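The values are calculated or read from the model by the stated rules, or taken from the named source; none is laboratory data. Remember, predicted model here, so these are calculated numbers, not experimental data. Neighbour counts run over all protein chains shown; Cβ positions are idealised from the backbone, glycine included. Surface accessibility is based on the protein's heavy atoms, side chains included, excluding ligands, DNA and RNA. Shrake-Rupley method; radii C 1.70, N 1.55, O 1.52, S 1.80 Å.
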Amino acid sequence: RFNPYRPDVTAAVASGYSVRKNDEQVGIDISRGTEAAYQLFRPSVRRNVRRAQQSSLVYELVPGSADNMHVFVEMYKKAMDFLMADPFFYFSPGYFDGLSMTSCAKLLFVRHGEKVVAATILLDDEPNERVYYHLGCFDRNYSLCRPMDFLYYAICQFAESWGRRAVHLGGGAETLHRFKAGFSPKRISYYVGSRIFLEEQYGKICDLYLRLHPEMSSSQ
C-alpha cells in the first residue's frame, strides 16, 4: 500500500512490483477553514448536519481511557456485525490498546444527551498538517438524527482547531465511498502494489487453494 501523498509508483515498478490504482479516496481541504469546506458539502449533507444540530447532538474530544475505548469498541463491533463485515475489519483488543497509548490517536464522541451515538478514532499527522479518519461507527437507533454526517463535520472542526489543513476520509466499499464523497469534491489517488518473491511456493499455495475451492478456478 502506498502513501497516497507520496506514491513512489515509478520506483516500485522499477523494483519489479505490479502496481494498480485501487481507488480515488476522499479528502477535505480545510486550509480556508471548516465553514469554507462546509459550503462544498453536498446540499443533502448540509441538511443532515443541520438536522443533527436540531436534534441536539453534540460532539466532544474524549481521553483515550480504557472506559472510553470500551464504549467505542462495543459500538464498532455492533456496526461490523450489522454489516456482516469480513474478519479483517475485526481488530483485536491489543490493537485498540495500542492505539490508546499513541499520541497521534484521538477519540471523538457524538452524544445525544448522555448517550454516545457515534464515535471515531482519528490519526493526527501534525508534521504534515493532516488528520486521517481511521475507524468510525454509530448507533443505528439514532440514524434519523444523522450522527455520522455530524461526526464528519465535527472532525473538520477539531482538525481546524489543531491547525491542520486537510482531513483524509479515505475510501471504502461503494456505499461508504459514496457517503464520504458527499463531504468534498477533492480526490486522492490510492495505489497498491504486489510482487511474488517465491514463485515455486506461491504456485503450490495457489494449486492447493484451487483444489480446496474449485469454484474459484475461473477467477482472476
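Once Kirkwood radius over Cα pairs in Å is calculated for the structure shown, the corresponding label among [x] 19.4; [y] 17.5; [z] 18.5 turns out to be [x].
Kirkwood radius for the range 165-220, taken over all pairs of different Cα atoms as the inverse mean of 1/r, rounds to 15.2 Å. Just to verify a number: FRET efficiency for residue 35 and residue 126, C-beta to C-beta distance, R0 = 25 Å, to 0.05? E between residue 35 and residue 126, to the nearest 0.05, is 0.65. Here the chain has 53 percent of its accessible surface on carbon and sulfur atoms, given a 1.4 Å probe and all protein chains in place. Structure remark: mean-square fluctuation, Gaussian network model of the chain, C-alpha springs under 10 Å; the largest value among 83, 176, 144 belongs to 83.
Which entries in the list 21/77; 77/180; 21/180 go over 24 Å, if you measure between the two C-alpha atoms of each? Flagged as over cut-off: 21/77.
Dimensions of the range 125-220 along the principal axes, based on C-alpha atoms and rounded to the nearest Å, stand at 54, 38, 21, largest first.
Shape analysis of the range 1-98 yields a ratio of the Cα radius of gyration to the Kirkwood radius, Rg/Rh, of 1.06. Of the peptides 185-193, 4-12, the ranking by mean beta-carbon count within 10 Å, highest at the top, reads 185-193, 4-12.
Among 104, 145, 156, the order of accessible area from largest down is 104, 145, 156, computed with a 1.4 Å probe on protein heavy atoms.
With R₀ set to 35 Å, the beta-carbon distance separating residue 84 from residue 195 gives a calculated FRET efficiency near 0.65.
Annotation: amide H-H contacts under 5 Å for residue 22 (H modelled 1.01 Å from N, sequence separation of 5 or more, or interchain): 190, 191, 192. Taking all protein chains into account, the per residue accessible area for the chain stands at 60 Å² (1.4 Å probe).
Cβ-Cβ distance of residue 15 and residue 140, R₀ of 45 Å, FRET efficiency by 1/(1 + (r/R0)^6): the value works out to about 0.50. Would you mind calculating the relative contact order of the chain from Cα pairs under 8 angstrom and at least 6 residues apart, reporting the percent as a whole number? Contact order relative to length: 37 percent. Hey, what angle do you get for helix 66-83 against the long axis of the chain, alpha-carbon based, 0 to 90 degrees rounded to 10? That works out to roughly 60 degrees. With θ taken as phi - 60° and the Karplus curve 6.51 cos²θ - 1.76 cosθ + 1.60 applied, the whole-hertz 3J(HN,Hα) list for the range 149-156 is 4, 5, 4, 5, 4, 5, 4, 4 Hz, x standing for glycine and proline.
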